[in-house]
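For reference, the structure is listed below as structure tokens.
Each value in this text was obtained by applying a stated rule to the coordinates, not by laboratory testing. In this text, all values refer to a predicted model and were calculated from it rather than measured experimentally. Note that each Cβ is placed from the backbone with ideal geometry, even for glycine, and that neighbours are counted across all protein chains shown.
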Amino acid sequence: MTSDEQKRIRSFEARVRQLLLQYRNLQDEIDRLQAALEQKDNEIAKLNSQLKSLDETYQHLKIAKFMEISDGDIKSAKLRMTRLVREVNRCIGLLNSEEVTVESKD
């Protein structure tokens, strides 16, 4: 073999080594990115689960708040009804006392 052929073989071997080194580096990068992607997928799944749980809790709180408001409305409605009944009874009492007074004058 000539010296020129030996140089070409060495140059070829060097390029092959460089390609193998680049291949290994790229393979390491792919492994690292796949691990990061898997971690992000797990995080997304966890956050979706948390979102679903919080949404359910929010729905329960809305229902509870509605029930609380309804209970308060019922209580205030009962109080108003009680006041109205008292007022009606008082009016009936006044009317009865006026009828007695009018009858006694006749």
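Data table
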quantity	calculated
Selection from Leu79, Ala14, Ser3, by position along the positive dipole direction of the chain (Cβ)	Ser3
Spacing of the two label points (7 Å from each Cα toward its C-beta) at Val16 and Asp55, in nm	5.8 nm
Projected label distance in nm at Lys65 and Arg90, using a 7 Å step from Cα toward the beta-carbon	3.8 nm
Rounded to whole Hz, the Karplus (6.51, -1.76, 1.60) HN-Hα couplings of the stretch 24-41, x for glycine and proline	4, 4, 5, 5, 4, 5, 4, 4, 5, 5, 5, 5, 5, 5, 5, 5, 5, 4
Qualifying aspartates and glutamates (Cα of each under 19 Å from Cα of Lys65; at least 8 residues distant if same chain)	Asp55, Glu56, Asp73
Local electrostatic count, Ala36, Cβ distance below 13 Å [Lys/Arg +1, Asp/Glu -1]	-4
Sum of side-chain charges, Phe12 neighbourhood, beta-carbon under 14 Å (Lys, Arg +1; Asp, Glu -1)	+2
Sites Asn25 and Thr2 - FRET efficiency at Förster radius 35 Å, r taken between beta-carbons, to 0.05	0.50
Given charges at beta-carbon only (K, R positive; D, E negative), |dipole| of the chain in Debye	520 debye
Cα gyration tensor shape of the chain, rounded if a/c is under 1.5, else prolate or oblate by comparing a/b with b/c	prolate
